[in-house]
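The values are calculated or read from the model by the stated rules, or taken from the named source; none is laboratory data. From a predicted model like this one, the values you see are computed outputs, not experimental measurements. Every residue, glycine among them, receives a Cβ derived from its backbone with ideal geometry; neighbour counts consider all protein chains shown.
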Amino acid sequence: QKEVEQNSGPLSVPEGAIASLNCTYSDRVSQSFFWYRQYSGKSPELIMSIYSNGDKEDGRFTAQLNKASQYVSLLIRDSQPSDSATYLCAANAGNMLTFGGGTRLMVKP
Amino acid sequence: EAEVAQSPRYKITEKSQAVAFWCDPISGHATLYWYRQILGQGPELLVQFQDESVVDDSQLPKDRFSAERLKGVDSTLKIQPAELGDSAMYLCASSLAGARYEQYFGPGTRLTVT
């Protein structure tokens with residue numbers, strides 16, 4: 001069974017720090033990887049996509065992909081209390097997108 | 001900004017009743033997905049459409065769930081009869097063409113079965 005694994009957390013960081021969220025996946029043929037942010041009671045919001053090995057930066061967010069290690073991560077710089085949410089990692093293989101269970105991030109003022 | 005529309009936003013129903021959810025994807029998006037999300041878990045795919053055709057419905061409980069996308073645009077997901085275990089968030093998402101591309105979610109329907 002294809003799986004995407006995330007630590008459920010909560011991950012607690014102080015305001016202004018770097019938050020590091022990690023994700024591993026089991027399917028070696030996975031091609032596309034996505035990070036979603038989900039506030040409590042709301043639907044997931046796409047924040048980053050990454051398709052190639054290496055880093056991809058967008059504002060305060062950096063996604064990192066290592067296909068050899070089957071590992072994808074999301075770094076959030078200068079974390080703000082408004083970043084407090086659950087972050088979902090998703091990996092695509094073929095027609096299927098598989099989500100991890102999410103990591104809850106808490107940014108403390 | 002284009003968005004995925006869903007209705008209703010909230011639904012309370014008694015077990016054994018029928019319930020239906022509606023989704024209108026982002027214009028031009030050929031692929032439409034229905035997911036179910038239980039609190040504390042990631043979304044799980046129920047059914048995926050490419051235009052009007054079903055691509056994957058392997059996780060759809062077909063004895064009680066049905067989905068259609070007759071004209072390849074909007075879609076309806078139905079549950080009949082609803083069971084207590086169906087209480088969850090039902091999410092619709094769309095993408096340009098297939099799961100390799102970015103998926104955008106609608107606001108979801110929170111279903112409570114009593």
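Here are the numbers for the structure shown:
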item	result
Residue match in the stretch B:90-102 (condition: crowded, with 20+ Cβ neighbours inside 10 Å, among the polar types (S, T, N, Q) and touching a residue at least 12 places away in the same chain (Cβ under 8 Å))	yes
Residue match in the stretch B:76-89 (condition: hydroxyl-bearing (Ser, Thr, Tyr) and surrounded by 20 or more Cβ atoms within 10 Å (Cβ to Cβ))	no
Residue check for B:Asp57: farther than 30 Å from A:Gln6 by Cα, within 14 Å of chain A (Cβ to nearest Cβ) and acidic (Asp, Glu)	no
Breaking point among (1) part of a loop (DSSP other than H, G, I, E, B); (2) crowded, with 16+ Cβ neighbours inside 10 Å; (3) of a type in the set (D, E, K, R), for A:Arg37	(1)
Residue satisfying condition, being assigned to a loop (DSSP other than H, G, I, E, B) and at pLDDT 95 or above, within set A:Ala17, A:Ala68	A:Ala17
When residues of the stretch A:40-65 are limited to those that are polar (S, T, N, Q) and not in a strand (DSSP E or B), the one farthest from the other protein chains (Cβ to nearest Cβ)	A:Asn53
Contacts under 9 angstrom Cβ, first residue in the stretch B:27-46 being β-branched (Val, Ile, Thr), partner part of a strand (DSSP E or B) and surrounded by fewer than 16 Cβ atoms within 10 Å (Cβ to Cβ), 6 or more apart	B:Ile38/B:Glu44
Of all residues making up the stretch A:76-109, the number that are hydroxyl-bearing (Ser, Thr, Tyr), in contact with a Leu (Cβ under 7 Å, 6 or more places away or on another chain) and within 14 Å of another protein chain (Cβ to nearest Cβ)	2
Filter result (in contact (Cβ under 8 Å) with a residue 60 or more places away in the chain and within 17 Å of B:Leu45 (Cα to Cα)) within the stretch B:1-23	B:Val4, B:Gln6, B:Phe21, B:Cys23
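For every residue, the table says whether it meets (1) at the interface with chain A (Cβ under 8 Å from one of its Cβ atoms); (2) modelled with pLDDT under 95; (3) within 25 Å of A:Phe33 (Cβ to Cβ); (4) out of contact with any Leu (no Cβ under 9 Å at 6 or more places or on another chain).
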{"residue": "B:Ile79", "(1), (2), (3), (4)": "no, no, no, no"}
{"residue": "B:Leu84", "(1), (2), (3), (4)": "no, no, no, yes"}
{"residue": "B:Ala97", "(1), (2), (3), (4)": "no, yes, yes, yes"}
{"residue": "B:Gly108", "(1), (2), (3), (4)": "yes, no, yes, no"}
